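Q: Structure in structure tokens, see below.
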Amino acid sequence: MGSPADRAGVGPGWELVSVNGVAIPDILAYRRELGKGLATLTLEGSEGQVAEFEVEWEDPGLDFDDVIFDGVRLCANKCEFCYVHQMPRGFRKSLYLMDDDFRTSFLYGSFVTLTNLTAEDIDRILDENLSPLYVSVHSADQGLRGEMMRPWRLKVKDPETLQIRSMIERLGPIDLYTQIVLVPGRNDGDRLDSTLGYLASRENVRAVAVVPVGLTEHRRNLPTLRTYYPAEARAVVERVERFQGRALGERGSRFAFLSDEFYLVAGFPVPGASAYEGYPMLENGVGMVRDFLDGPLQPLLEQPCPKGHLGPRRILLATGSLFYSTLAAAVKPLRNMFGLDLEVRALDNITFGSVTTVAGLLAGRDFLAQIEPGEADLLLVSPNVLRYGTETLLDDVTLNDLRRALRMRVEVGGTTLGELGRMILWGEPATTEPSFGYSTHALKEVSRQH
């Protein structure tokens, strides 16, 4: 109350028409105009009423429903590995949105392909220093990249945007965090070495995440693809680690970082924290396991049983099959404490199919189908299954829905082993909010497959 917008009579549902006579497509342009100091704002109400007022180095008092006002830019490609094309039916519409907008890349770290940019977009990125951006490269060989991504050429506004090397070089002042989605037999092997070598030669490319293709059992009229076998995953790890050794000497950084899935599928231990160099690609599944394991459990083991302890209980930890062995080994020291009956259970992904093994893509129906009502006192789920800031899973089932249907307490286990241990031992929630939910990890699993 009392803001310039309120004094001008602006109410809920009004639309921002312009600032300083300039149409405003997004929150970035809004901030840019306000940053000039003196700004004239024009807004229109739902019944056609108009309000115009000035602010000078003052917050106008406007809140927006979204940060993109003119609609999210959609993907102009038909990637053979696109996760959205493999989604089963029946989910909320937002999960089928093929976001390829440079603005959400800057604001939220979503990966974009750069193939739908116009010359004006590139000028704006450079003029406003929209850095860093997150870019899906996949291959520095333009012919191979085109085969894998299959851009709809009639919808491409600037043919040069299809040339990934040209785009990286045109964006020279902008820091780029890149990713390579590896498909067996397509862009791995010597082709991966070539791509990594090119990216490492560009000063504005700060790092690259190497992640395996994600598939579901809902592929229809799409090329036949498969995931990595353990021996192939081991070969990828060994190849990238050789590159990391060279990059350390040349750039002072490992530069290329493998997603956790490669280590887990290969049967290799995940590297120590120092190997992730501050976790620049954490939300792309790079280093999550190490970050989780390094949340210390030992201090909890050394503490006496707290006053008012809940006593013997049956506790169930549900996760995806990929993380099952790691989680079971991590919580093993807790099994015999305070009379706990502790089970770690790997759930099959009924929603996306057994080929999907990550915990973050488990939906509510997967829990309901594989856990019997009343079989535990407490069910703990990964924070990665939840939409950020909510208690809602991918299929709109909520934790309260699970509590009612399963007739047990259902809680989030925490983002570190220490937080999980506190929930297991004392039934206390984590002291910090989850750092990421499915909007930034599980949906990263979806959106990264550009």
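The values are calculated or read from the model by the stated rules, or taken from the named source; none is laboratory data. These figures come from a predicted structure and were not determined experimentally. Every residue, glycine among them, receives a Cβ derived from its backbone with ideal geometry; neighbour counts consider all protein chains shown. Accessible surface is based on the protein model in full, side chains and every heavy atom, while ligands, DNA and RNA are left aside. Shrake-Rupley method; radii C 1.70, N 1.55, O 1.52, S 1.80 Å.
Q: Return yes when residue 419 is modelled with pLDDT under 90, of a type outside the set (A, V, I, L, M) and either more than 24 Å from residue 228 (Cβ to Cβ) or not in a loop (DSSP other than H, G, I, E, B) (or both) and no when it is not.
A: Values: modelled with pLDDT under 90: no; of a type outside the set (A, V, I, L, M): yes; either more than 24 Å from residue 228 (Cβ to Cβ) or not in a loop (DSSP other than H, G, I, E, B) (or both): yes.
When the stated conditions are applied, residue 419 does not pass them.
Q: Would you be able to tell me the number of residues in segment 36-73 that are assigned to a loop (DSSP other than H, G, I, E, B) and surrounded by 12 or more Cβ atoms within 10 Å (Cβ to Cβ)? Don't jump to the end; show me each part of the working.
A: Of all residues in segment 36-73, those assigned to a loop (DSSP other than H, G, I, E, B) come to 36-37, 45-49, 57-67, 69-73.
Retained after the next criterion (residues that are surrounded by 12 or more Cβ atoms within 10 Å (Cβ to Cβ)): 45, 49, 58, 60-62, 64, 67, 69, 72-73.
Result for segment 36-73: 11.
Q: Can I ask one more? Tell me which residues, restricted to segment 397-413, are within 24 Å of the chain's Cα centre (by Cα) and surrounded by fewer than 15 Cβ atoms within 10 Å (Cβ to Cβ).
A: Matches in segment 397-413: none.
Q: Follow-up question, since we're still on this one. Failed condition for residue 348, given (1) touching a helix residue (DSSP H, G or I) at 6+ places or on another chain (Cβ under 6 Å); (2) of a type outside the set (S, T, N, Q); (3) open to solvent by 10 Å² or more (accessible area, probe 1.4 Å), with all others met?
A: Of the numbered conditions (1) touching a helix residue (DSSP H, G or I) at 6+ places or on another chain (Cβ under 6 Å); (2) of a type outside the set (S, T, N, Q); (3) open to solvent by 10 Å² or more (accessible area, probe 1.4 Å), the odd one out for residue 348 is (1).
Q: Only residues that are of a type in the set (D, E, K, R) and crowded, with 21+ Cβ neighbours inside 10 Å: list them for segment 74-100, please.
A: 99, 100
Q: Okay, moving on. Taking segment 101-140, which residues are charged (D, E, K, R), in contact (Cβ under 8 Å) with a residue 40 or more places away in the chain and open to solvent by less than 10 Å² (accessible area, probe 1.4 Å)?
A: Within segment 101-140, 103 is the sole residue that qualifies.
Q: Out of curiosity, is residue 175 modelled with pLDDT of 90 or more, open to solvent by 50 Å² or more (accessible area, probe 1.4 Å) and touching a strand residue (DSSP E or B) at 6+ places or on another chain (Cβ under 8 Å)?
A: yes
Q: Hey, another quick one. Any chance segment 273-289 includes a residue that's modelled with pLDDT of 90 or more, on the phi > 0 side of the Ramachandran plot and over 24 Å from the mean Cα position of the chain (by Cα)?
A: no
Q: Same structure again: Closer than 15 Å to residue 412 by Cα, surrounded by fewer than 16 Cβ atoms within 10 Å (Cβ to Cβ) and not β-branched (Val, Ile, Thr): which single residue out of 360, 389 fits that description?
A: 389
Q: Related question: Scan segment 365-394 and report the pairs whose first residue is at pLDDT 95 or above and among the aromatic types (Phe, Trp, Tyr) and whose second residue is outside any strand (DSSP E or B) and open to solvent by 10 Å² or more (accessible area, probe 1.4 Å), with Cβ atoms within less than 8 Å and a gap of 6+ or a chain change.
A: 367/397
Q: Looking at 238, 217, 250, which is the one that is among the charged types (D, E, K, R), over 16 Å from residue 180 (Cβ atoms) and in a loop (DSSP other than H, G, I, E, B)?
A: 217
Results for (1) part of a loop (DSSP other than H, G, I, E, B); (2) buried (at least 19 other Cβ atoms within 10 Å of the Cβ); (3) not aromatic (Phe, Trp, Tyr), shown as yes or no for each residue.
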| position | (1), (2), (3) |
| --- | --- |
| 185 | yes, no, yes |
| 221 | yes, no, yes |
| 224 | yes, no, yes |
| 228 | yes, yes, no |
| 234 | no, no, yes |
| 265 | no, yes, yes |
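Q: Out of 143, 189, which single residue is open to solvent by 10 Å² or more (accessible area, probe 1.4 Å) and modelled with pLDDT of 95 or more?
A: On the way: 143 fails: modelled with pLDDT of 95 or more.
None of the other options fit; the residue is 189.
Q: From 365, 403, grab the single residue that is in contact with a strand residue (DSSP E or B) (Cβ under 9 Å, 6 or more places away or on another chain) and either in a helix (DSSP H, G or I) or of a type in the set (Gly, Ala, Ser) (or both).
A: Numbers: 365 fails: in contact with a strand residue (DSSP E or B) (Cβ under 9 Å, 6 or more places away or on another chain).
Unique residue meeting the criteria: 403.
Q: Out of all the residues in segment 2-25, is one or more charged (D, E, K, R), assigned to a strand (DSSP E or B) and buried (at least 16 other Cβ atoms within 10 Å of the Cβ)?
A: no
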